[in-house]
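Worksheet: the structure to be examined is printed underneath.
Since every read-out is calculated from the coordinates, none of them should be taken as a lab result. These numbers come from a predicted model, not from an experiment. Ideal geometry is used to build each Cβ from the backbone, glycine not excepted, and the neighbour counts take in all protein chains shown.
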Amino acid sequence: MKKPLKEQKTVLLILLSNIFIIFLGVGLIIPVMPSFMNIMHLSGQTMGYLVAAFAFAQLLMSPLAGRWIDCYGRKKMIIIGLFIFSVSELIFGIGTHVSVLYLSRVLGGISSAFIMPAVTAFVADITSVEERPKAMGYISAAISIGFIIGPGIGGFIAELGVRAPFYFAAGFALITCISSLFILTEPLTKQQLLETTQLKKDTNFVSDLKRSFHPLYIIAFIIVFVLAFGLSAYETVFSLYSDHKFGFTPRDIATIITISAIFGVVVQVFMFGKMVDKLGEKKLIQICLIAGVVLAVASTMISSYLAILLITCFIFLAFDLLRPALTTYLSKTAEKEQGFIAGMNSTYTSLGNIVGPALGGILFDVNINYPYLFAAVILFIGLVITMMWKEKQSASSLAK
């Protein structure tokens with residue numbers, strides 16, 4: 001019998017801290033991008049590649065990490081990932097050449113491949129099916145605080161120095177690593193780990209990737225990709241867009257992102273579970289995609305600080321609700337293979353995070369409005385796919 005979430009507050013807090021620190025690291029670079037561009041004389045394209053390097057390393061490692069999570073346990077992967085992440089942030093802080101920054105982002109991506117699916121699988125293991133949407137909402141809130149408040153925190157800490165945010169992240173990651181070592185208890189028994197290891201003896205990355213194309217998973221994974229692509233393309237150029245078009249300072253950018261994040265987190269924590277109960281995962285996903293398309297286009301038509309703040313609040317909210325809806329759906333289909341599902345989820349997220357920032361940077365150099373418009377097109381394609389998904393679901397229901 002699994003304990004209610006309210007009886008596992010300490011474990012849940014540690015797990016949420018782990019996922020938060022990873023996405024904090026992803027977002028920290030955003031507000032200092034203009035400063036790094038000026039100091040190192042880098043182009044928007046190079047900065048896009050720098051963000052994408054993190055996701056590329058995560059992509060390569062995620063399938064293998066998913067297998068290790070199922071075979072060797074969630075706790076080990078979390079601890080190893082946090083230690084690597086701490087080292088990566090320290091390297092970024094002391095780096096003075098762009099090649100060192102790339103090395104740091106690669107190590108960060110590897111650590112994320114361990115931590116993100118391990119935490120998701122851990123939470124799925126300790127929660128009942130009834131409480132899982134709420135738990136996934138908490139995870140998404142932690143991701144939002146890290147990925148969206150990350151730039152905000154980075155902007156404020158950058159007042160102490162452009163490299164200060166990375167030293168902060170390195171120290172925080174080391175603290176959560178030590179806390180996880182002493183507080184977390186592996187949710188799977190040795191027997192369960194052994195059974196999973198035997199089950200996966202005849203599988204490999206190629207077979208796992210083929211399995212992700214199963215009708216039960218593939219549409220959801222495509223939407224995972226679309227979400228990651230749209231959000232990363234939008235956020236990667238947000239600070240550059242605000243700096244070049246409106247002359248916003250890092251503090252202005254940090255304020256907008258921080259307020260948006262707080263708004264999104266409050267809605268996720270207190271309303272996500274109720275929204276899933278009322279609308280269901282699929283309908284909620286479609287509503288969020290529609291909002292994303294409209295708001296991404298609207299972002300190119302506004303100029304006042306208040307308008308930018310409002311648009312940013314609601315587009316981030318749409319992304320924040322879309323993520324846990326997808327994760328909840330996938331975790332319900334995973335059964336005993338939470339590591340596989342979480343690993344593939346991470347893989348498709350990484351694909352989006354690679355292509356999004358890279359194309360966003362290239363398009364920014366051509367026209368500063370193009371990244372937002374392109375993100376809108378990608379989100380619209382995702383919406384069309386969900387409509388097709390709905391038709392197939394209905395057709396299968398009629399066949400019964």
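Of note:
- Extension gain, Ile94 to Lys245: 0.36 nm times the residue separation minus the Cα-Cα distance gives 51.3 nm.
- The Cα atoms of region 258-372 cover 48, 31, 24 Å along the three principal axes, with the biggest extent listed first.
- Full extension of the chain segment joining Glu130 with Met387 gains 89.8 nm, where the gain is 0.36 nm per residue of separation less the Cα-Cα distance.
- When +1 charges are put on Lys and Arg Cβ atoms and -1 charges on Asp and Glu Cβ atoms, the dipole computed for region 128-195 relative to its Cα centre reaches about 120 debye.
- For the residue pairs Lys75/Lys274; Lys210/Lys332; Lys75/Lys134, the alpha carbons lie more than 26 Å apart in Lys75/Lys274.
- Sparsely packed loop sites in region 255-357 (the GluC sites (Glu not before Pro) outside DSSP H, G, I, E and B with at most 13 other Cβ atoms within 10 Å) comprise Glu335.
- Farthest toward positive dipole pole in the chain [+1 Lys/Arg, -1 Asp/Glu at C-beta], among Val265, Ile157, Thr327: Thr327
- Reciprocal mean inverse distance between Cα atoms of the chain - Kirkwood radius, Å: 20.9
- Normalised contact order of the chain, rounded percent, pairs of Cα under 8 Å and 6 or more residues apart: 29
- The value of relative contact order for region 1-135, using C-alpha pairs under 8 Å at least six residues apart, is 37 percent.
- Loop-located GluC sites (Glu not before Pro) in region 108-160, at most 10 other Cβ atoms within 10 Å (DSSP): Glu130
- Estimated purely from DSSP H runs of n ≥ 4, each contributing -39500 (n - 2.57), the mean residue ellipticity at 222 nm for the chain is -29500 deg cm²/dmol once divided by its residues.
- The residues packed around Phe168, meaning those with a beta-carbon under 15 Å from its beta-carbon, carry a net charge of -1 if Lys and Arg are +1 and Asp and Glu are -1.
- Dipole moment magnitude, nearest 20 debye, the chain about Cα centre, only Lys, Arg, Asp, Glu C-beta charged: 840
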